[in-house]
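Here's the structure, in structure tokens; my notes come after.
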Amino acid sequence: FLNHLAVRQAHVHPGSALRALSWLLAHAGTPVDRTVKKRRICAAVYKYLKETRSESVSQEILYEILAHCTGSATGPVRPAKLSAAQSTALRGVLEIAGLETPPGLRALLENTEVSWTEPSLPTFTQQMRELEVQFERALSAITMYFQPIVFTETRAVFGYEALVRSNDPDLPDSDSLLEAAERLNRRNKLGRHVRAQIAQIFARAEQHHGVVFVKLHPLDLLDKSLWSPFSPLAKIARRVVLEILERASLQDVSDLRFRIAELRQMGFRIAVDNMGRGHARMNLLEPLDIDIVKLDMSLVRDIDTHLMKQTLVRSITNLSRQQRIVVIGTGVETQAEYDFLASVGCELVQGYFIARPGPPFVSVPRQDDPIGG
């Protein structure tokens, strides 16, 4: 569709087509995606101009392409020498277009600065293929760990946070797995796979295990399968808390509050993580949209000796209590941190002091037993 749109705009004004589409692509996709998409669009424009306009016009547009593919300020000005990045961009466009290098540019391409760090388009393609193999292998081997969340007053289990664990040597942790999914545009596939595993495990969990916290990438809110009443997670919705991460901006999610309301109508509860680290999401969500907030662990660390943190956490817990929002203190590692959170009315806590993550389901010591360590 973008290629077709670029060609239509090129018919009117080729420079404006590339400028508009470069801006559009700069706000979507990963850097690798943007590089490939830009070259495909520029190739479509260049091929059209070569077939419909004079050689001088089509060659001139290549300099415009050069600026947009490399982010340089070259524009229509003809450089005396190309960088490795500029040469890679132009060669990539010509290769995709299936056209030979114009005579006027052949000498310029040969006069390219040598660089061993700038990958060519075929190298990008090969890297993406290798990453796809690694991603599929890691996806088939992931396991789920669960970390308990307990009431501060009784230490009884409120629920468990589900955590992805990867044993793949190339994608050894959840962050690298998610980064690969984003680069490959497989984020939905990863999210659906993880949610299905969690649902399968927790559907068999006894009632005393409480609820399960499931992490959501903000853009998972655009995945239609999340709303399907036939999805595995929907069948246990009343035992599920959807925890929205700060991985991307919620501004990219259209009809955000409507989507949140639909999920809550299905029985899901909504949690916001890392409260205290940044409040951008609170400008987009109302208190009525949220059931639970999780204090960022940077707030909890050494809170028993840090007066400013104590003041901030008191304010958050008081405001949340007024709005009937439950507060969870995360990353609790010491008895002193635990005691302070309990003293200011933080209802739930989570962290190594309580228990480390493990296979389903990690047990928690009784109230009269020592914990931590």
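The values are calculated or read from the model by the stated rules, or taken from the named source; none is laboratory data. Computed from a predicted structure; not experimentally measured. Virtual Cβ from ideal backbone geometry, glycine too; neighbours counted across all protein chains shown.
Which one of these does Gln350 not meet: (1) out of contact with any helix residue (DSSP H, G or I) (no Cβ under 6 Å at 6 or more places or on another chain); (2) crowded, with 22+ Cβ neighbours inside 10 Å; (3) more than 16 Å from Val364 (Cα to Cα); (4) not hydroxyl-bearing (Ser, Thr, Tyr)?
Unmet for Gln350, out of (1) out of contact with any helix residue (DSSP H, G or I) (no Cβ under 6 Å at 6 or more places or on another chain); (2) crowded, with 22+ Cβ neighbours inside 10 Å; (3) more than 16 Å from Val364 (Cα to Cα); (4) not hydroxyl-bearing (Ser, Thr, Tyr): (3).
I need the full set of residues from region 127-161 which are in a helix (DSSP H, G or I) and within 24 Å of Val214 (Cβ to Cβ), in order please.
Initially, region 127-161 is screened for residues in a helix (DSSP H, G or I), giving 127-141.
Once the filter is applied, which keeps residues that are in a helix (DSSP H, G or I) and within 24 Å of Val214 (Cβ to Cβ), region 127-161 yields Phe135, Glu136, Arg137, Ala138, Leu139, Ser140, Ala141.
Listed here are the residues, each with its yes/no results for (1) acidic (Asp, Glu); (2) assigned to a loop (DSSP other than H, G, I, E, B); (3) surrounded by 14 or more Cβ atoms within 10 Å (Cβ to Cβ); (4) under 18 Å from the mean Cα position of the chain (by Cα).
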position	(1), (2), (3), (4)
Leu190	no, no, yes, yes
Val194	no, no, yes, yes
Ala199	no, no, yes, no
Ala205	no, yes, yes, no
Phe213	no, no, yes, yes
Ser231	no, yes, yes, no
Arg238	no, no, no, no
Glu243	yes, no, yes, yes
Phe258	no, no, no, no
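Filter region 215-229 for residues that are among the small types (Gly, Ala, Ser) and part of a helix (DSSP H, G or I) and give the result. Don't jump to the end; show me each part of the working.
Start the filter on region 215-229 by keeping residues that are among the small types (Gly, Ala, Ser), which leaves 225, 228.
Of everything in region 215-229, just one residue is among the small types (Gly, Ala, Ser) and part of a helix (DSSP H, G or I), namely Ser225.
Looking at Ala141, Ala237, Ala205, Ala181, can you tell me which residue is out of contact with any Cys (no Cβ under 6 Å at 6 or more places or on another chain) and modelled with pLDDT of 95 or more?
Values: Ala141 fails: modelled with pLDDT of 95 or more; Ala205 fails: modelled with pLDDT of 95 or more; Ala181 fails: modelled with pLDDT of 95 or more.
Among Ala141, Ala237, Ala205, Ala181, only Ala237 is out of contact with any Cys (no Cβ under 6 Å at 6 or more places or on another chain) and modelled with pLDDT of 95 or more.
Considering only region 185-201, I want to know if a residue exists there that is over 28 Å from Val157 (Cα atoms), at pLDDT below 90, in contact with a helix residue (DSSP H, G or I) (Cβ under 6 Å, 6 or more places away or on another chain) and not hydroxyl-bearing (Ser, Thr, Tyr).
yes
Hey, does region 329-336 have a residue that's touching a residue at least 60 places away in the same chain (Cβ under 8 Å), crowded, with 19+ Cβ neighbours inside 10 Å and either β-branched (Val, Ile, Thr) or more than 17 Å from Tyr160 (Cα to Cα) (or both)?
No, region 329-336 contains no residue that is touching a residue at least 60 places away in the same chain (Cβ under 8 Å), crowded, with 19+ Cβ neighbours inside 10 Å and either β-branched (Val, Ile, Thr) or more than 17 Å from Tyr160 (Cα to Cα) (or both).
Between residues in region 117-135 that are of a type outside the set (A, V, I, L, M, F, W, C) and residues that are modelled with pLDDT under 80, which pairs lie under 6 Å by C-beta distance while being six or more apart or on different chains?
Listed pairs, sorted by first residue: Glu118/Ala84; Glu118/Ala85; Glu118/Thr88; Ser120/Thr88.
Identify the residue in region 163-179 that is more than 17 Å from the chain's Cα centre (by Cα) and surrounded by 17 or more Cβ atoms within 10 Å (Cβ to Cβ) and, among all such residues, is farthest from Val241 (Cα to Cα).
Looking at the filtered set, the residue picked out is Asp168.
State yes or no: is Leu288 more than 15 Å from Ile244 (Cα to Cα), surrounded by fewer than 18 Cβ atoms within 10 Å (Cβ to Cβ) and at pLDDT below 90?
Details: more than 15 Å from Ile244 (Cα to Cα): yes; surrounded by fewer than 18 Cβ atoms within 10 Å (Cβ to Cβ): yes; at pLDDT below 90: yes.
Spelling it out, Leu288 is indeed more than 15 Å from Ile244 (Cα to Cα), surrounded by fewer than 18 Cβ atoms within 10 Å (Cβ to Cβ) and at pLDDT below 90.
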